[in-house]
1. Counting only residues that are assigned to a strand (DSSP E or B) and among the aliphatic types (A, V, I, L, M), which one in the range 67-108 is farthest from ligand 2 (Cβ to nearest atom)?
2. Taking the range 134-158, which residues are assigned to a helix (DSSP H, G or I), within 14 Å of ligand 1 (Cβ to nearest atom) and among the aliphatic types (A, V, I, L, M)?
3. Where residues in the range 1-36 are free of Cβ contacts under 8 Å to residues at least 24 places away in the same chain and assigned to a helix (DSSP H, G or I), which of them is nearest to ligand 2 (Cβ to nearest atom)?
4. For residue 76, all conditions in the list (1) free of Cβ contacts under 8 Å to residues at least 40 places away in the same chain; (2) within 16 Å of ligand 1 (Cβ to nearest atom); (3) closer than 19 Å to residue 132 by Cα hold save one; what is the number of the exception?
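Bear in mind that the values in this text are calculations on the coordinates, not laboratory data. Here the structure is a predicted model, which is why all the values come from computation and not from measurement. Cβ coordinates were reconstructed from backbone atoms using ideal geometry, including for glycine residues, and neighbour counts include every protein chain displayed.
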Amino acid sequence: HPLRATRYVRSVHELKNLPPDVGREVAIAGRSNAGKSSAINAITDQNRLARTSKTPGRTQQLNYFEVAPEKFLVDLPGYGYAKVPPALRAHWEGLIDTFFRTREALKGLVVVMDIRHPLRDFDLQMLGYGRAGGLHCHCLLTKADKLPRGQQAKALLETRRALGDDATVQLFSAEDRTGVEEARAVLERWLAL
Ligand code: GTP
Ligand code: MG
C-alpha cells in the first residue's frame, strides 16, 4: 500500500514556514497519550515513524510526513497532561484555526481519541475548527482492544450519534490492528493516492 513509503520531513513552528501550499494534505490530531503516534505507525506500517518527530513539551509544531510527492500527513500534537498556560493554548488554537481555514492543500482532518473517553474538549475543538475550515473529518476510536466487543459497538454508536454529519467514526486499535485498513482507505481517498 502507498502509505508504507511515508517518511518524516520536518517540523514547522510558525505558519510562515509551511511548505508551499500545493498538493494534498491530511491533518491528524489527538490529545496527548490518545494513541496518535501508534495509529500513524500502524497505518503507515512503520515501527518508529511518528516517534522521530517527537520533541517533548513541544505542543506548537506541525510535523510533516511525506507520503508521496506533494502528499503529506501533518501531525498536530495535542495538549499534554501538564497544564498548558492559557496564553500558549490560545496561540496554538489560533494557529490551528488559521491553518484549517486557509490551507488550500488541506483536505481532511483525522481526530484520534481513546475509545474509553472520546469527545473531550480538545477533540470537540479540533472538530469545530475542522468543520469551520470546510474539512472532511474522520475519528478513530483507538485502543478498541481495551474494551469487549459489546462496549466497542456501543461507543461507536454513541460517538456517531453525537457527531451526526460532522464526522465519520470508526473503531481502531494499533495493538490488534482493528480498523487499520479502514483508516488507510480514508487517507488514500483524501490524498488521492
Ligand atoms: P503523545 O505523543 O505522547 O502525546 O501520545 P500519543 O497520542 O502519540 O500516544 P502513543 O501512540 O504514544 O500511545 C500512548 C500509549 O498508549 C502507549 O503506551 C501505547 O503503547 C498505548 N497505545 C497506543 N495505541 C494503543 C492501542 O491501540 N491499544 C493499546 N492497548 N494501547 C495503545
Ligand atoms: Mg505521539
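1. Ranking the candidates gives 68 first.
2. Residues satisfying the conditions are 144, 155.
3. Step by step, filter the range 1-36, then rank; the result is 17.
4. Of the numbered conditions (1) free of Cβ contacts under 8 Å to residues at least 40 places away in the same chain; (2) within 16 Å of ligand 1 (Cβ to nearest atom); (3) closer than 19 Å to residue 132 by Cα, the odd one out for residue 76 is (1).
Residues checked against (1) surrounded by fewer than 18 Cβ atoms within 10 Å (Cβ to Cβ); (2) more than 22 Å from residue 185 (Cβ to Cβ); (3) in contact with a Lys or Arg (Cβ under 6 Å, 6 or more places away or on another chain):
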| position | (1), (2), (3) |
| --- | --- |
| 104 | yes, yes, no |
| 112 | no, no, yes |
| 132 | yes, yes, no |
| 138 | no, no, no |
| 147 | yes, yes, no |
| 156 | no, no, no |
